[in-house]
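What follows is a set of notes on a single structure, which appears directly below.
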Amino acid sequence: MGLNAYLEGLGTKSDMGSATASTIYVNIDGKPGKRLGIVAYGVQPRLSPTSFTVLQCIEASTTSAAVASGATTITATAFTTAPATGATFVVVLDDATYQWLTVASTASTTSVPISSALTDTLAAGNKLYNLGIAGVDGHNVIPLAASTFKSDQCELGLLWSSFKGAPIKVNFYSADSSAAAIEYVTYAYVNV
């Protein structure tokens, strides 16, 4: 019969950076029931760029109970491994927006302290995504040489998220302080 797969929601984000930032990044929200893919990128290099890193969800869970707006701790159904302090952590709020957070301190597999207060409520069963820490959790790293600061558009995608609905964070790292930017990260969603 064949697979009826198609791309939708093509978009582009950028971060024009600053002369002093060592990490420049863009956060791309997921879409319920869809896989998110990076289809192209372009960066303005620093003098010594190190890498272009794509943080995908390393583990997903759900809330085990409702959480009030303004809360700074989230109770999860259960992660297999406790999210690490400093990990990128994303929640899907009741208003269907994605709130990007950082794990504030030692978490357990069921209790996650977050860096900022929730901006809306979370019902029991809302999605939680642990994107981990860049450079620690085995994310997709694209080493950048002087001649490889962009990719061409790729219909099939350079990479796709492993979980439907999961967000992706793209980081551009550099050790020096010359000008740099993520000129574009083009993304799309696929229905499978």
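Go through the stretch 89-124 and report how many residues are touching a Gly at 6+ places or on another chain (Cβ under 8 Å) and farther than 19 Å from residue 28 by Cα.
Of the residues in that region, 1 qualify.
Select from the stretch 5-17 the residues that are part of a strand (DSSP E or B) and at pLDDT below 75 and list them in ascending order. Break it down into steps so the answer makes sense when it comes.
Going residue by residue through the stretch 5-17, those that are part of a strand (DSSP E or B) are 7-15.
Answer for the stretch 5-17, where residues must be part of a strand (DSSP E or B) and at pLDDT below 75: just 7.
Looking only at the stretch 88-103, how many residues end up being surrounded by 14 or more Cβ atoms within 10 Å (Cβ to Cβ) and in a loop (DSSP other than H, G, I, E, B)?
The total comes to 2.
Name every residue in the stretch 157-181 that is of a type in the set (A, V, I, L, M, F, W, C), under 12 Å from residue 23 (Cβ atoms) and modelled with pLDDT of 80 or more, in order of residue number.
Residue satisfying the conditions is 170 alone.
Can you tell me which of 80, 106, 85, 20 is modelled with pLDDT of 80 or more, surrounded by fewer than 18 Cβ atoms within 10 Å (Cβ to Cβ), part of a loop (DSSP other than H, G, I, E, B) and out of contact with any strand residue (DSSP E or B) (no Cβ under 7 Å at 6 or more places or on another chain)?
Answer to the check: 106.
The values are calculated or read from the model by the stated rules, or taken from the named source; none is laboratory data. Everything quoted here is computed from the prediction, not taken from an experiment. Every residue, glycine as well, gets a Cβ built from its backbone with ideal geometry; the counts of neighbours run over all protein chains shown.
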